[in-house]
Amino acid sequence: MRHFDLIVIGSGSGNSIVDERFADWDVALIDDGPRFGGTCLNYGCIPTKMFVLPADLLRAPEAGAPLGVFAPQPSADWAVVRDRIFGRIDPISTGGETWRAQAANVTLYRDTARFTGERTLEVAGETITADRIVIAAGSRCTSPASIAGLDEVWASERVHNSDTVMRIDELPERLIILGAGFIAAEFAHVFSAFGSHVTVVARSGAMLRREDAEISRRYTAAAARHVDLRLGHSTDRVEADADRVRVHTTDNGGVQHVLEGDLLLVATGRRPNSDRLAVTVGGIEVDPLGFVVVDAQQRTSVEGVWAVGDVSNPSMLKHAANHEARIVQHNLLHPDDPRENTLAPLPHAVFGHPQVAAAGLTEAEARAAGHDIAVAVQEYGSTAYGWALEDTESCVKLIADKQTKQVLGAHIIGPQASSLIQPLVQGMSTGVDVPTMARGQYWIHPALTEVVENALLSLGLEA
């Protein structure tokens with residue numbers, strides 16, 4: 001039985017914890033993924049956004065036409081784009097694994113670990129223990145168990161999840177996507193822009209339904225112009241053969257449908273990998289959804305065990321995981337001066353068409369929490385840059401507490417949403433009230449940020 005000073009499970013954000021300050025620690029790093037480096041690098045944030053930019057460029061003629069700019073529809077070579085993306089990402093993954101494997105103080109295990117007791121693991125036929133363990137094992141794609149035939153067709157080349165669909169050899173003529181959340185939204189944008197006929201199938205009545213209702217409504221309307229939305233459809237059965245995949249659905253009216261495509265993308269969510277590690281055998285508490293329960297210091301229910309990232313945070317956001325890893329890194333090195341994770345709110349963005357970004361409470365959540373709120377919806381088209389864009393659909397929606405004059409929620413749909421949200425996140429994080437945020441700085445004219453300024457002013461909280 002080998003004993004380590006530290007075991008880190010996961011090669012994503014957890015891998016960043018061990019730097020030169022741990023040179024005199026005996027460390028085990030465990031990862032059983034087919035590609036080293038975690039979800040964000042290999043399957044998530046980075047490659048998806050590298051596909052989104054070409055997709056945005058492919059939609060340029062559509063954006064230019066209202067401005068009097070008429071251009072022929074561009075085309076893209078799927079294989080060339082794919083190879084450019086993974087030609088950059090794969091060497092980073094391989095290089096990171098090689099570097100870790102050669103580190104004098106790190107033992108790299110490329111196998112699945114399972115807890116067999118408190119701070120005790122079995123991996124690659126070996127039992128190992130440690131004084132400290134960091135669980136950063138991430139999450140994995142899920143598929144609905146209720147859909148008949150879905151398990152049987154997974155072996156087919158016609159069925160994919162977000163881990164595999166970006167590496168396909170040819171662009172499908174017809175793509176069916178199950179799901180209407182952020183993964184479905186981004187891939188629907190990418191594939192429809194590249195030229196696939198995309199059908200989105202979901203039980204819900206709207207896309208991005210977890211966003212504020214105003215944002216979800218607007219996004220659903222925008223998406224309907226580019227993809228075939230089959231909302232309010234339950235998926236009953238899936239079949240696949242050498243030529244096509246068939247999805248059998250029933251709509252809210254009880255009418256049955258058969259949808260045919262070349263490929264099926266299952267984008268119905270992700271789940272934490274805590275069960276694959278058997279964390280409860282190690283005494284580690286999980287919530288009903290399987291997320292490892294942590295406190296503000298990222299500590300689990302077992303002394304000497306921390307958790308970060310998707311395995312413990314339902315937001316499943318890379319920027320959250322990176323911050324949590326920095327908290328744990330400090331606390332490992334300075335146990336007598338621990339830090340807590342106090343950052344709020346946690347923003348997110350959806351790189352669909354159009355972009356969506358949000359931080360804090362939705363209007364419904366703010367009302368349910370009992371806040372006396374002011375609400376403002378500011379159209380992009382109310383600003384000079386919005387005129388330049390000829391934008392008639394995008395907006396900034398803000399929710400603020402009338403008594404404290406603090407922004408409780410910020411929601412944006414439209415061009416540059418993922419960047420426009422940042423000054424609001426900064427103000428919310430540092431406690432700046434609405435009057436100070438609006439009038440305590442210059443807002444460049446005629447930049448698009450003026451729509452944020454005007455939204456703050458429209459809350460009517462300056463007096």
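With respect to the numbered conditions (1) of a type in the set (G, A, S); (2) farther than 23 Å from R218 by Cα; (3) touching a residue at least 60 places away in the same chain (Cβ under 8 Å); (4) part of a helix (DSSP H, G or I), which one is the sole condition not fulfilled by G460?
All conditions pass for G460, except number (4).
Of the residues in region 171-187, how many are among the aliphatic types (A, V, I, L, M), within 22 Å of A364 (Cα to Cα) and either open to solvent by less than 10 Å² (accessible area, probe 1.4 Å) or not in a loop (DSSP other than H, G, I, E, B) (or both)?
The total comes to 0.
Can you pull out every residue in region 203-241 that is within 19 Å of S146 (Cβ to Cβ), buried (at least 18 other Cβ atoms within 10 Å of the Cβ) and among the acidic types (D, E)?
E239 - this is the single residue of region 203-241 that is within 19 Å of S146 (Cβ to Cβ), buried (at least 18 other Cβ atoms within 10 Å of the Cβ) and among the acidic types (D, E).
Quick one: which residue in L121, L67, L108, L58 is more than 24 Å from the chain's Cα centre (by Cα), within 30 Å of G381 (Cα to Cα) and of a type in the set (A, V, I, L, M, F, W, C)?
Selected residue: L67, the only one of L121, L67, L108, L58 that is more than 24 Å from the chain's Cα centre (by Cα), within 30 Å of G381 (Cα to Cα) and of a type in the set (A, V, I, L, M, F, W, C).
So for region 302-309 (the condition being at pLDDT 95 or above, under 24 Å from M428 (Cβ atoms), open to solvent by 40 Å² or more (accessible area, probe 1.4 Å) and out of contact with any Ser or Thr (no Cβ under 9 Å at 6 or more places or on another chain)), does at least one residue qualify?
No, region 302-309 contains no residue that is at pLDDT 95 or above, under 24 Å from M428 (Cβ atoms), open to solvent by 40 Å² or more (accessible area, probe 1.4 Å) and out of contact with any Ser or Thr (no Cβ under 9 Å at 6 or more places or on another chain).
In region 129-154, what residues are modelled with pLDDT of 95 or more, under 24 Å from the mean Cα position of the chain (by Cα) and surrounded by fewer than 18 Cβ atoms within 10 Å (Cβ to Cβ)?
Of everything in region 129-154, just one residue is modelled with pLDDT of 95 or more, under 24 Å from the mean Cα position of the chain (by Cα) and surrounded by fewer than 18 Cβ atoms within 10 Å (Cβ to Cβ), namely R140.
Identify the residue in region 2-22 that is within 26 Å of the chain's Cα centre (by Cα) and not in a loop (DSSP other than H, G, I, E, B) and, among all such residues, is surrounded by the fewest Cβ atoms within 10 Å (Cβ to Cβ).
S16
What are the pairs with Cβ atoms under 8 angstrom where one residue, in region 359-385, is at pLDDT below 95 and the other, located anywhere, is part of a strand (DSSP E or B) and open to solvent by 30 Å² or more (accessible area, probe 1.4 Å)? Sequence gap at least six, or different chains.
none
Which of the residues that make up region 432-447 are of a type in the set (A, V, I, L, M) and either part of a helix (DSSP H, G or I) or buried (at least 23 other Cβ atoms within 10 Å of the Cβ) (or both)?
V434, M437, A438
Which of (1) surrounded by 17 or more Cβ atoms within 10 Å (Cβ to Cβ); (2) under 16 Å from T235 (Cβ atoms); (3) within 23 Å of the chain's Cα centre (by Cα) does G269 not meet, given it meets every other one?
For G269, the failing item is (1).
Among the strands (runs of 3 or more DSSP E) lying completely within region 314-431, list those that include at least 3 residues that are open to solvent by 30 Å² or more (accessible area, probe 1.4 Å).
The qualifying strands (runs of 3 or more DSSP E) are 373-379.
If you check every pair at least six apart or on different chains, which have Cβ atoms under 9 Å apart with a residue in region 189-215 that is touching a residue at least 12 places away in the same chain (Cβ under 8 Å) first and a residue that is basic (K, R) and in a loop (DSSP other than H, G, I, E, B) second?
Sorted first by the residue in region 189-215, then by its partner, the pairs are H189/R59; A193/R59; A202/R209.
If V198 meets every condition in (1) open to solvent by 20 Å² or more (accessible area, probe 1.4 Å); (2) farther than 29 Å from L361 by Cβ; (3) in contact with a Phe, Trp or Tyr (Cβ under 8 Å, 6 or more places away or on another chain) apart from one, which number is that one?
Result: V198 passes all but (1).
Residues being surrounded by fewer than 19 Cβ atoms within 10 Å (Cβ to Cβ), in contact with a Phe, Trp or Tyr (Cβ under 9 Å, 6 or more places away or on another chain) and either without any contact (Cβ under 8 Å) to a residue 24 or more places away in the chain or among the hydrophobic types (A, V, I, L, M, F, W, C) (or both): count how many of those fall in region 23-44.
Qualifying residue count, region 23-44: 1.
Return yes or no: is L67 open to solvent by 20 Å² or more (accessible area, probe 1.4 Å) and either touching a strand residue (DSSP E or B) at 6+ places or on another chain (Cβ under 9 Å) or in contact (Cβ under 8 Å) with a residue 24 or more places away in the chain (or both)?
yes
Which residue, of V201, V190, is assigned to a strand (DSSP E or B) and among the β-branched types (V, I, T)?
V201
Residue check: is R244 farther than 29 Å from A124 by Cβ, open to solvent by 50 Å² or more (accessible area, probe 1.4 Å) and in contact with a His (Cβ under 8 Å, 6 or more places away or on another chain)?
no
For region 384-414, what are the residues that are touching a Pro at 6+ places or on another chain (Cβ under 7 Å) and more than 18 Å from V434 (Cβ to Cβ)?
A384, Y385, L389, E390, S394, I413, G414
The values are calculated or read from the model by the stated rules, or taken from the named source; none is laboratory data. Quick caveat: nothing in here was measured; it's all calculated off a predicted structure. In this analysis, Cβ positions are derived from the backbone assuming ideal geometry, glycine residues included, and neighbour counts consider all displayed protein chains. Just so you know, the surface numbers come from the protein's heavy atoms only, side chains and all, with ligands and any DNA or RNA stripped out. Shrake-Rupley method; radii C 1.70, N 1.55, O 1.52, S 1.80 Å.
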